[in-house]
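Trainee: Starting off with a structure, shown below.
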Amino acid sequence: MEIMMDERASELRPRPSARLFNQVARAQESLTRTRAGFRRVTCDYEEGALVLCGRVHSFFLKQLAAACARQAVDGRLPIINRLHVG
């Protein structure tokens, strides 16, 4: 496992494996294929979880994005939903 320097906090943290990277990419692809409203949603890997960032138009879309992402990673990663509604 590689170690990379966290620029924000000067801490060492593990870089995600290729398998995790593929899961994050699959979640991103799943979201952009599902709805046009998810085009402004990004997926990232942070501290052992899949993080959803961006903006959606409704609370329903926020919850739907989390459900799609959870399905894309087969429930193997926790989901942190940082999507903003508006």
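Trainee: Per-residue HN-Hα couplings for segment 20-29, Karplus 6.51 cos²θ - 1.76 cosθ + 1.60 at θ = phi - 60°, whole Hz, x for Gly and Pro?
Mentor: Using θ = phi - 60°, the values come out as 5, 4, 5, 5, 5, 5, 5, 5, 4, 5 Hz.
Trainee: Hey, quick one: spin label on THR32, modelled 7 Å out along Cα-Cβ, who in segment 59-86 has an amide N within reach, i.e. under 16 Å?
Mentor: 69
Any read-out appearing in this document is the output of simple, stated calculations on the displayed coordinates, not a laboratory observation. Note that this is a predicted model, so its numbers are computed, not measured. When we count neighbours, we look across all protein chains shown, and the Cβ atoms used for this are built from the backbone with ideal geometry, even at glycine.
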